[in-house]
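The values are calculated or read from the model by the stated rules, or taken from the named source; none is laboratory data. As the structure is a prediction and not an experimental result, all values here were calculated from the model. Cβ sites come from the backbone with ideal geometry, for glycine too, and all protein chains shown count toward neighbours.
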């Protein structure tokens, strides 16, 4: 056998072996993942569903969080969340889906964008404004100290015995 | 037949209350005592007249006179007599009548007790309080009348309601009524409306006095505040108890494991409580230091308007939908009344603005005055945040057409930090002196509570290191408790060392000598207890849900539950009950059986989830039966909550009542400890008096 041929054969050999090994490994990996999938289908627990439902409000009943709402509609929506979780959706995707379907009102926590952001901003402004007013008021009261400075000497002019007598009489009045 | 008498007394009550409003205004304005006395007599008649209407509704409920639409709506044969009687406030018509009746009772009581003492203010006190009463009685008469009857036109599919027989219609009396909403059949909901209404109407009294003081120009003096101090406290405690009962009801009946959901109806009641609490505090500032006079006026006006606003929201359901507003005349009527009284009071206040000057000055920013002002600002900021969150869905719908929800997370995030500062202030502020507080003394006063609270928080935080966010809350609660206890300890020590009393007697005397101060501290302790419950609810709550076959178990925390089976039986008050039997274990130790139920009310076709609860001082194990599978009933779904510290909320409520009793209990003898310091203006007054020579 010519050395080139034998080299080519061995090359083909190695190539084949490698391909086989790789494909074997690949098929093994894929079957394994396939097995894993059919063995334990990802079935989200009720707690996982509730954790997301808690962030949503029932789209039809007034002021009821979805996780505790007892209507049939809410039951179906929770089932939908379960299916979406099972299909591998993230929490954000699910929340977005519900907002798209039923509008902003399904979110328990109002958004921080658009007109809705005012619900967050105004209380903040209120507190800042409140603090400013408190400061101004206290400052204003402090400014009156001058008045007191005028009044104090009146007290000083009264003899000690008079003060004592007045104290005594005031006590008797009480 | 007898119901017609109720209608007659109701109409008379309306006429008298309108008459009293105008007669007192005229008498006060033109200085005609005869008119004022006439107004007083009319006012005193309104209460017995409304009592007549209320009695007749109660009697009709008891006798089940289903020809009245209201009775047919809220009562049924299956309900016990007691429950039927409480249905007086189970529906709208009855509630508003009940509200008016309590209001009229308060006004009558004021007239009986205060007539001699406050002659000058009385005409306007009558006017303001009777205007409010007349509005509510008017709403009962014209908009939501409980004496409306059921009528039937021959051939018509639906019944008609009208006061008097429409032409061609026949009287109609159903065999049975609809019955009270099953959710309302709970002691919390039986006690909640009366306490709330007493609280709401109670605040009308200080408001009426405040307005009278403004109108007569006697607002400079603080008499109106002294006169109404105890009324305000009574109103406040009833409102507080109403809130707590409402929370307890939600916890026991609504089946979501919590007690406060920041629902518009809850917020509607919470807002006047917030401003009312701020008012109680700012009044102290005026009494002790002659400051914040304008501010008191603002607060009592706000509180009054918010109580009416609260009734408006609860009764019209306007927040859940704008469309509820136009459904009946109720919404517009309330809206106009609130608008007019609010603007009227404010313009009155501004017209007297100049007379309400502060008498004293502030020496330092670190002083009790400053703490009071900051505290009032915080209360108002919280009120605003709650108000804004409550009405924002409405505003959003009106402005952009988009419906949005402002749910629990908003309220927790926005008001949480403000409440933190407020509670902190509650611990520190009583340690501040009036005028100015030397920083060193303050440091000494809070040193031990501060060190102690750090130690407690560190130990506690270590045990709960998986919830680091709870540590500031735990520190806060322990700090405030220690600070308050230190105050008691200082008071007792001062007494027992100076008078040689035994400490227990000192403590008792401490209370009797300064009821308001030490009663107030009990109230503060109650607030901290409630805060502790809220921390438990907010940070340590656990929940799980699972479907179990008979014999299977579910575990959460240290607990596990074994499902033993379901049992169905007919219950009282027209319901079918399905009850689950659960065995509760802690570790391997059996604790007790729990029986969460679902009651199905047959007539109303409404299920009610009744939790099975194992309650300890540390935590509640709260189980709910959510449903079961098919007809075989051998598998059921449960939700289980571990609610740590929740019982502190209820215990805190009891402490609030206790503290208020101590603070407001009429003292045997009005003997105050001499605590005054001679002031130049007082001295000058005394010196100007001629010597009497005794």
Against the condition more than 14 Å from every other protein chain (Cβ to nearest Cβ) and surrounded by fewer than 14 Cβ atoms within 10 Å (Cβ to Cβ), how does residue B:536 come out, does it pass? no
Which residue, of B:369, B:359, is touching a residue at least 24 places away in the same chain (Cβ under 8 Å), over 25 Å from the mean Cα position of the chain (by Cα) and part of a helix (DSSP H, G or I)? B:369
Filter result for residue B:654 (within 14 Å of chain A (Cβ to nearest Cβ), in contact with a helix residue (DSSP H, G or I) (Cβ under 8 Å, 6 or more places away or on another chain) and not in a loop (DSSP other than H, G, I, E, B)): no
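Looking at the range A:103-120, which of its residues are in a loop (DSSP other than H, G, I, E, B), in contact with a helix residue (DSSP H, G or I) (Cβ under 8 Å, 6 or more places away or on another chain) and facing chain B (nearest Cβ under 10 Å)?
Scanning the range A:103-120 gives A:108, A:109, A:110, A:111.
Do we find that residue A:49 is assigned to a helix (DSSP H, G or I), closer than 22 Å to residue B:554 by Cα, at the interface with chain B (Cβ under 10 Å from one of its Cβ atoms) and free of Cβ contacts under 8 Å to residues at least 40 places away in the same chain in this structure?
It is true that residue A:49 is assigned to a helix (DSSP H, G or I), closer than 22 Å to residue B:554 by Cα, at the interface with chain B (Cβ under 10 Å from one of its Cβ atoms) and free of Cβ contacts under 8 Å to residues at least 40 places away in the same chain.
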Test: residue in the range B:565-586 that is within 14 Å of chain A (Cβ to nearest Cβ), out of contact with any helix residue (DSSP H, G or I) (no Cβ under 6 Å at 6 or more places or on another chain), assigned to a loop (DSSP other than H, G, I, E, B) and in contact (Cβ under 8 Å) with a residue 40 or more places away in the chain: no
Just to be sure, is residue A:100 at pLDDT 90 or above, more than 10 Å from every other protein chain (Cβ to nearest Cβ) and exposed (fewer than 12 other Cβ atoms within 10 Å of the Cβ)? yes
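Looking at the range B:79-115, which of its residues are outside any helix (DSSP H, G or I) and within 27 Å of residue B:571 (Cβ to Cβ)? Let's see the steps before the verdict.
To start, the set of residues in the range B:79-115 that are outside any helix (DSSP H, G or I) comprises B:79-80, B:90-91, B:115.
Those that are outside any helix (DSSP H, G or I) and within 27 Å of residue B:571 (Cβ to Cβ): B:79, B:80, B:90, B:91.
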Suppose we keep only residues that are at the interface with another protein chain (Cβ under 8 Å from one of its Cβ atoms) and part of a helix (DSSP H, G or I) within the range B:396-412. Which one would you say is modelled with the highest pLDDT? B:410
Which of the residues belonging to the range B:435-461 are crowded, with 19+ Cβ neighbours inside 10 Å and touching a residue at least 40 places away in the same chain (Cβ under 8 Å)? B:437, B:445
Given the criteria modelled with pLDDT under 80 and surrounded by fewer than 24 Cβ atoms within 10 Å (Cβ to Cβ), does residue B:305 qualify? no
Note: among B:432, B:420, just one is more than 9 Å from every other protein chain (Cβ to nearest Cβ) and either crowded, with 23+ Cβ neighbours inside 10 Å or under 24 Å from residue B:294 (Cβ atoms) (or both), namely B:432
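Criterion first (farther than 30 Å from residue B:361 by Cβ, at the interface with another protein chain (Cβ under 10 Å from one of its Cβ atoms), touching a helix residue (DSSP H, G or I) at 6+ places or on another chain (Cβ under 6 Å) and assigned to a helix (DSSP H, G or I)) does residue B:388 satisfy it?
yes
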Please verify whether the range A:121-129 includes one or more residues that are more than 11 Å from chain B (Cβ to nearest Cβ) and assigned to a helix (DSSP H, G or I). no
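Is it true that some residue in the range A:72-90 is at the interface with chain B (Cβ under 9 Å from one of its Cβ atoms), surrounded by 10 or more Cβ atoms within 10 Å (Cβ to Cβ), assigned to a helix (DSSP H, G or I) and modelled with pLDDT of 55 or more? Step through it out loud before you land on a result.
Quick first cut of the range A:72-90, residues at the interface with chain B (Cβ under 9 Å from one of its Cβ atoms) only: A:75.
Going one step further and asking which of them are surrounded by 10 or more Cβ atoms within 10 Å (Cβ to Cβ), we end up with A:75.
Filter once more, keeping what is assigned to a helix (DSSP H, G or I): A:75.
Then keep just the ones that are modelled with pLDDT of 55 or more; that gives A:75.
Yes, there is a match, as at least one residue in the range A:72-90 is at the interface with chain B (Cβ under 9 Å from one of its Cβ atoms), surrounded by 10 or more Cβ atoms within 10 Å (Cβ to Cβ), assigned to a helix (DSSP H, G or I) and modelled with pLDDT of 55 or more.
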Against the condition facing chain A (nearest Cβ under 10 Å) and surrounded by 18 or more Cβ atoms within 10 Å (Cβ to Cβ), how does residue B:372 come out, does it pass? no
On the given criteria, is residue B:405 surrounded by 19 or more Cβ atoms within 10 Å (Cβ to Cβ) and in contact with a strand residue (DSSP E or B) (Cβ under 6 Å, 6 or more places away or on another chain)? yes
What do you reckon, is residue B:636 in contact with a strand residue (DSSP E or B) (Cβ under 6 Å, 6 or more places away or on another chain), closer than 27 Å to residue B:185 by Cβ and touching a residue at least 60 places away in the same chain (Cβ under 8 Å)? yes
Just checking, does the range A:152-160 include any residue being outside any helix (DSSP H, G or I), more than 7 Å from every other protein chain (Cβ to nearest Cβ) and at pLDDT 90 or above? no
One residue from B:71, B:56 being closer than 19 Å to residue B:171 by Cα and in contact (Cβ under 8 Å) with a residue 40 or more places away in the chain: B:71
